[in-house]
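The values are calculated or read from the model by the stated rules, or taken from the named source; none is laboratory data. This one's a predicted model, so the numbers in the text were calculated from it and none came from an experiment. Backbone-built Cβ (ideal geometry, glycine too); neighbour counts: all protein chains shown.
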2 protein chains.
Amino acid sequence: MNTVYATSANVAERRLAPPSLAISTVIFALRPSESSGRPTLWLPLVRRIREPFKDMWALPGGPLRHDESLQDAASRNLRETTGLAPQYLEQLYAFGGLHRSPAQRVVSIVYWALVQPTEAALADESENVRWFRADRLAELAFDHNAIVDYALWRLRNKMAYGSIAYHFLGEFFTLAQVREVYEAVLDRQLDPANFRRQIKGTPEIEETGEYLQGGKHRPPRLYRFTGTPGLGPDNRSTP
Amino acid sequence: MNTVYATSANVAERRLAPPSLAISTVIFALRPSESSGRPTLWLPLVRRIREPFKDMWALPGGPLRHDESLQDAASRNLRETTGLAPQYLEQLYAFGGLHRSPAQRVVSIVYWALVQPTEAALADESENVRWFRADRLAELAFDHNAIVDYALWRLRNKMAYGSIAYHFLGEFFTLAQVREVYEAVLDRQLDPANFRRQIKGTPEIEETGEYLQGGKHRPPRLYRFTGTPGLGPDNRSTP
DNA sequence: ATTAGTTCTAGTCATTTTGACTATAACTAG
DNA sequence: CTAGTTATAGTCAAAATGACTAGAACTAAT
């Protein structure tokens, strides 16, 4: 925080100062519910260690450095605070309301990430970093509840048409696992047979010769996703 | 531009300075093509009157004031530069690449607007403000070509599922006019009868008792759109 | 006044997609 | 060897879609 501007401390000057820019990230992962065991949406939050909103939970985030792109800033901050390096990372929205932060005006450019269970398991969990169920959040710092709500809404929307679900899964997966992702995010049951028919209709899903052994039932075939990730302006047309 | 920070002019300090924040807007309107007369997508650009990119065309935009929300800043700037006050205004994306602007780092939060023909006709056109066909742009200042491309991509996407088309039209419209909007944006012909069947299936479109007179043919019935505008986090759930 | 030209509008019909459901396959646990 | 479980294929009716036909309702030209 040691910019040349940190010295201009009085209120009058702060009112004229350009709004400060922050980057935050909503990170979604699927984890088994504690009650039912079915996969549900979780996200990691960090405890604030200073004012404002000291001791409350908040989205991981931090300032934008002068030598990194927005996406790089999100990546770096994610790694530093949670230890995660998600392969799916996309811009969500820029929040710039006047009173998001009590003292000073902050514009937050928020990214969202989807992480696979294997990645999520590696995430640091500590006194100040903890995972929460996305649909059962307490009151968070700043406007972060609204941000998470919006991220959830966007996630559900994107599920409908798009190949986003696979970023919750590893390289190989069964069609039932894909269905579980949809069921967790959309929060409703889907007919296994019809769902399988639809998924098999999309060309981005490739059969492998492998089967997943170990269940108490007929072993399901493993599939692989061959499509491209999200297509925001930062990812599009980058060869 | 006269903030307390404008005085810190040397390069070393600028590198440490937080990136400056700007708001820009991509404004789309439908206008009859000069050749075919069919409606096509146009947008207004402003000529830059200072460096960098002096004399080149650019998206209307400007700095974010400390006392206005992002959306308000977009609205105000639009009004000041083009005289337009679009009823449809939504955030597009935050562009924050390192070298978007040669001297200083600029993060632009870009909005997009759709304006109705009646509004568009009122737009100031002058030496320094001119409308261009969206698919035939020359080289623009900064990364504005990429921004327009992305806006076009998003627009076409939103057309597929959503009620965005009506924001190009006035309060009353014929189904053929709606079809013309789709044809202009998607750039392909649609079957009039099938298109009408689909549109009539959506509950947000309401028949009026009126007819549009004056054509050299059977007068078409006028309809009205009763749905809500876009649903970004700034517009959603605002009662 | 009649006719030709135009678009509006309703409808037909074959094809495709969807949703609900049935039945068999292939494994494990006992 | 049997019961339990999920995987997977398939059936069937309903709904949506795409290509097309035809009459309705206006204007402009004869």
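General remarks:
- Exclusive hit being under 30 Å from A:Pro102 (Cα atoms), free of Cβ contacts under 8 Å to residues at least 40 places away in the same chain and hydroxyl-bearing (Ser, Thr, Tyr), set B:Ser69, B:Ser75: B:Ser75
- Candidates are the residues of the stretch B:192-231 that are among the aliphatic types (A, V, I, L, M) and out of contact with any strand residue (DSSP E or B) (no Cβ under 7 Å at 6 or more places or on another chain); the one that is nearest to DNA strand D (Cβ to nearest atom) is B:Ala193.
- Selection status of B:Thr40, closer than 30 Å to B:Tyr182 by Cβ, among the hydroxyl-bearing types (Ser, Thr, Tyr), surrounded by 16 or more Cβ atoms within 10 Å (Cβ to Cβ) and out of contact with any helix residue (DSSP H, G or I) (no Cβ under 8 Å at 6 or more places or on another chain): no
- The set of residues in the stretch A:158-178 that are within 13 Å of DNA strand D (Cβ to nearest atom) and either within 14 Å of chain B (Cβ to nearest Cβ) or of a type in the set (A, V, I, L, M) (or both) comprises A:Tyr161, A:Leu175, A:Ala176, A:Val178.
- B:Asn77 satisfies every condition listed in (1) modelled with pLDDT of 95 or more; (2) crowded, with 22+ Cβ neighbours inside 10 Å except (1).
- For first residues located in the stretch A:86-97 and facing another protein chain (nearest Cβ under 7 Å), partners that are aromatic (Phe, Trp, Tyr) and crowded, with 24+ Cβ neighbours inside 10 Å and lie 6+ apart or on another chain with Cβ distances below 7 Å form the pairs A:Gln91/A:Tyr111.
- Among residues of the stretch B:180-206 that are more than 9 Å from DNA strand C (Cβ to nearest atom), those with a Cβ under 8 angstrom from a residue that is small (Gly, Ala, Ser), sequence gap 6+ or separate chain, pair up as B:Val181/B:Ala165; B:Tyr182/B:Ala165; B:Val185/B:Ala165; B:Thr202/B:Ser163; B:Glu204/B:Ser163; B:Glu204/B:Gly227.
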